[in-house]
Amino acid sequence: MEAPIEQALVDPMLAEMGENLNKAIQILEDGQREVADDREKRKYSRKDIPGPLQGGGQDVASILQLVQNLMHGDDEDGRWEHRMQNVGEQGHMALLGHSLAAYISVLDRERLRKLTTRILSDTTLWLCRLFRYENGSAYYHEDDREGLLKVCRLVIHSRYDDFATEGFTVLGSRQPVVYQSAACRTGLGQYLCSQLGLPLSCLCTVPCNTMFGSQHQMDVALLDRLIKDDMDSGRLPLVLIANAGSPGAGHTDKLSRLKELCVQYDIWLHVEGVNLATLALGCVTSSVMAATKADSMTLTLGPWLGLPAVPAVTLYRHEDPALSLAAGLTSSQPVEKLRALPLWLSLQYLGHDGIVERIRHASQLSQQLLDHLKKQASIKTSVEDELNSPVVVFRFSQDSSTASSVGSVEGCLGWEREVQDSLNRWLGERLVQLVPASGVDVVDLEDEGTCVRFNPLMTAAVLGTQEADVETLVARLTEIVPLLCATLRLRQEFREEVYRHATLAYVEDLGWPGLGAIRYLPKSEEPDAGRRQQEVEKVNSDLLRKLKELDADLSFSTGPEFGPEKNCVFVGMATEDLDVAELVKTIASLGKDIEESGKLLENMTEVVRRGIQEAELQLQKASEQKLMEEGVLRQIPLVGSMLNWLSPTQSSVKGRTFNLALGSLDTTEPTYSTRTQTGGETPPATPTSTVSKQLPGHKLFRRGHGSFDAPNSTSFLSPSETSQSWGPQDGSAGFPLQAEPILTEADTQAPEAGHYVR
């Protein structure tokens, strides 16, 4: 809406409404581009705090400001643009349709009837021609399942003559059956049964082909047998729900054969799926073209064309308008017909060429990605035998004998399958973070497992995906695949290295996308299981903290937030040059250092406690000895001072000093005699870390950056070895360390030649 609306409109109310809508959208969109400081300021605005309704009311700008704060007030990371739909001019037209619908609803009844009839007939005609559905009627609905629900009611009214008068009692004579593919969206059949008041026994799920044909298409031969069995048991086959683009992988059922089967047994065929969008293109595959012969189909034009808040459309063919009215597919209320108004405006704004171009652009993006994936090693795609698949599903697989294959992943069973699923889940989540404009997501398929899905027909128009985004996606994928290959290859080596250390335990967690999980097991004689568990938890917590401080290309974490394994260290993705043996050895050494440090602290605490008790006893004995030597009178302050002045005494009680390292009470006599303090025992040595050192500019745990046994490298020397061999670590290199001399009284005098004072 580049030109002002009032210039093209005669009705001042319409002009004012259009301008107000433009201003409102402009205010909201301008607010999205404000800086983070303003966003933080708005977050704590008093206007966001719920309170009583103001008596005087507020102006439009204040209300829109409040709406803006509620929309973007919680975006602390500033990533709102990745969650907002790309609303362009066509989106504004759809939003205008909702305002117009409310405005038009106040017209007089006759004028409203004529207007809604025109809007409904135009929109239905355009959609039927655009998607090659001849002589069809349309039902517009907000919930994309509601159209199928109303179609089922229509079929029930058609097949049960007395249903309008007798109700559900007529269903007891012949129980209806609704057939759906096993690849249909989850919960669809249950929703239909609950809304129709039917038991779940009326729902029949038809498996996909398991031995012959595509693994994702409905088994037509099995469906034929199921229908015959139901008819022989007195049940009435009613509706068959087929896919033209399954929700998971975009596969299309054999619609031609299904239509023949439905004609044979008088069953209503309903088709839904994202591939129905390709019916608007000039070149349509035969499998999707067969959907035009179905009795009904549901179209979701909103995501296909990037239109916000437009209804879904169910096209159907039925000759009895009375039954359509009874089923709710048509309405005598003109206001309900205004549901089509946003779509009516948007279709006119885009035009036939604009609609086709958007769908073609999405299909070309799929083909572009598919061409690149066929050249990728260790990447397998799952597509049908069609030239133009609008949905691309791919997964990482170590079996790279072929660049792509159709069907399930072979040779990947048991734990290998689960491990690859975890890696593919991580791959999909990583691609979503790196290339959010691509619209990829993670999907779990029964046969393939966890895969990454690219479905531009549902996301490209909304996110504004372009060819450059696909190229970026391929580039990021090319960078990540070697990381996945290295991690998968090194997992077994990591497990074997862990088993070589008695103090380490390998924790089996197939759902972790990384090298694996490891737990340090400290030696403990504690009989209480709870205390032992606390000790294990503390040691592994400190171990994780120290590993995070290392300068390495590995990530260490506590694992999944709600994972079953606790008190262990999870190692992330690995590169090809990772030295697994050195990594595990470092973890074991760090764990040992932490354990010994903890025990040393506990031992010192106990020694000091006992030393204090012993010191108290010695001091008490010294006090008693002093009392015996000096007498009671000398302990009285005034009398004792006088006696000490008249007859001084020499006490035999010596001074005492408490040695914290040994926890003992020593005499101060050696201190005063030699001017130095020495103990009777040598304190326990503090454990020294044996963590590997890396060369400047190099990361830890990499192969080819130094040998452990090489005498000319300090990469893997412990701090104690380094200090003994190569001198001080304070930067003063070049002088070998000497034993520190014991200071004597002579050493405290002025230094002479050849002497130095420490």
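The values are calculated or read from the model by the stated rules, or taken from the named source; none is laboratory data. Just so you know, these numbers come straight off a predicted model, no measurement behind them. Please note: Cβ atoms are built from the backbone with ideal geometry, for glycine as well, and neighbour counts cover all protein chains shown. Calculation scope for accessible area: heavy atoms of the full protein, side chains included, ligands and nucleic acids excluded. Shrake-Rupley method; radii C 1.70, N 1.55, O 1.52, S 1.80 Å.
Quick look at the values:
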{"item": "Yes/no for residue 211 being more than 18 Å from residue 145 (Cβ to Cβ), aliphatic (A, V, I, L, M) and modelled with pLDDT under 90", "result": "yes"}
{"item": "Enumeration of residues in the stretch 181-202 that are in a loop (DSSP other than H, G, I, E, B) and crowded, with 19+ Cβ neighbours inside 10 Å", "result": "183, 184, 198"}
{"item": "Where residue 535 falls short, out of the listed (1) charged (D, E, K, R); (2) within 22 Å of residue 702 (Cα to Cα); (3) surrounded by 14 or more Cβ atoms within 10 Å (Cβ to Cβ)", "result": "(2)"}
{"item": "Extreme residue, modelled with the highest pLDDT, among residues of the stretch 479-536 that are among the acidic types (Asp, Glu) and assigned to a helix (DSSP H, G or I)", "result": "479"}
{"item": "Test: residue in the stretch 132-152 that is among the β-branched types (Val, Ile, Thr), surrounded by fewer than 21 Cβ atoms within 10 Å (Cβ to Cβ), modelled with pLDDT of 90 or more and assigned to a helix (DSSP H, G or I)", "result": "no"}
{"item": "Pairs, first over 14 Å from residue 578 (Cβ atoms) in the stretch 487-508, second in a loop (DSSP other than H, G, I, E, B) and open to solvent by less than 80 Å² (accessible area, probe 1.4 Å), C-beta under 6 Å, six or more apart", "result": "503/521; 505/521; 507/565; 507/568"}
{"item": "Residues that are open to solvent by less than 60 Å² (accessible area, probe 1.4 Å) and acidic (Asp, Glu), drawn from the stretch 331-355", "result": "none"}
{"item": "When residues of the stretch 300-325 are limited to those that are in contact with a Lys or Arg (Cβ under 8 Å, 6 or more places away or on another chain) and at pLDDT below 95, the one farthest from residue 108 (Cα to Cα)", "result": "304"}
{"item": "Residue in the stretch 167-180 that is closer than 19 Å to residue 268 by Cα, loosely packed, with under 12 Cβ neighbours inside 10 Å and under 33 Å from the mean Cα position of the chain (by Cα) present", "result": "no"}
{"item": "Subset of the stretch 434-453 (residues that are among the charged types (D, E, K, R) and surrounded by fewer than 19 Cβ atoms within 10 Å (Cβ to Cβ))", "result": "441, 444, 446, 447"}
{"item": "Among residues of the stretch 276-330, those that are open to solvent by 20 Å² or more (accessible area, probe 1.4 Å), in a loop (DSSP other than H, G, I, E, B), farther than 29 Å from residue 464 by Cα and touching a helix residue (DSSP H, G or I) at 6+ places or on another chain (Cβ under 7 Å), counted", "result": "3"}
{"item": "Among the residues listed as 188, 149, 154, the single one being touching a residue at least 60 places away in the same chain (Cβ under 8 Å), among the hydrophobic types (A, V, I, L, M, F, W, C) and within 29 Å of residue 310 (Cβ to Cβ)", "result": "154"}
{"item": "Out of 235, 225, sole residue that is touching a residue at least 40 places away in the same chain (Cβ under 8 Å) and open to solvent by 40 Å² or more (accessible area, probe 1.4 Å)", "result": "235"}
{"item": "Residue 233 vs. criteria farther than 20 Å from residue 288 by Cα, at pLDDT 90 or above and of a type in the set (Ser, Thr, Tyr)", "result": "yes"}
{"item": "Condition met for residue 571 (surrounded by 15 or more Cβ atoms within 10 Å (Cβ to Cβ), touching a Gly at 6+ places or on another chain (Cβ under 7 Å) and modelled with pLDDT under 85)", "result": "no"}
{"item": "Qualifying residues in the stretch 439-478 (those that are among the acidic types (Asp, Glu) and part of a helix (DSSP H, G or I)) - the one nearest to residue 359 (Cα to Cα)", "result": "467"}
{"item": "In the stretch 253-275, the residues that are outside any helix (DSSP H, G or I) and under 21 Å from residue 128 (Cβ atoms)", "result": "268, 269, 270, 271, 272, 273"}
{"item": "Of the criteria (1) touching a His at 6+ places or on another chain (Cβ under 8 Å); (2) loosely packed, with under 13 Cβ neighbours inside 10 Å; (3) of a type in the set (Lys, Arg), which one residue 111 fails", "result": "(1)"}
{"item": "Number of positions in the stretch 509-520 that are farther than 16 Å from residue 554 by Cβ and without any contact (Cβ under 8 Å) to a residue 60 or more places away in the chain", "result": "1"}
{"item": "Members of the stretch 581-615 that are at pLDDT below 85, acidic (Asp, Glu) and open to solvent by less than 80 Å² (accessible area, probe 1.4 Å)", "result": "593, 595, 596, 606"}
{"item": "Single match in 125, 112, 120 (criterion: part of a helix (DSSP H, G or I) and either of a type in the set (D, E, K, R) or at pLDDT 95 or above (or both))", "result": "125"}
{"item": "The stretch 356-372, subset closer than 19 Å to residue 94 by Cβ and touching a helix residue (DSSP H, G or I) at 6+ places or on another chain (Cβ under 6 Å), residue most open to solvent (accessible area, probe 1.4 Å)", "result": "358"}
{"item": "Output for the stretch 297-331, where each listed residue is closer than 23 Å to residue 161 by Cβ and of a type in the set (Gly, Ala, Ser)", "result": "322, 324, 326, 327, 328"}
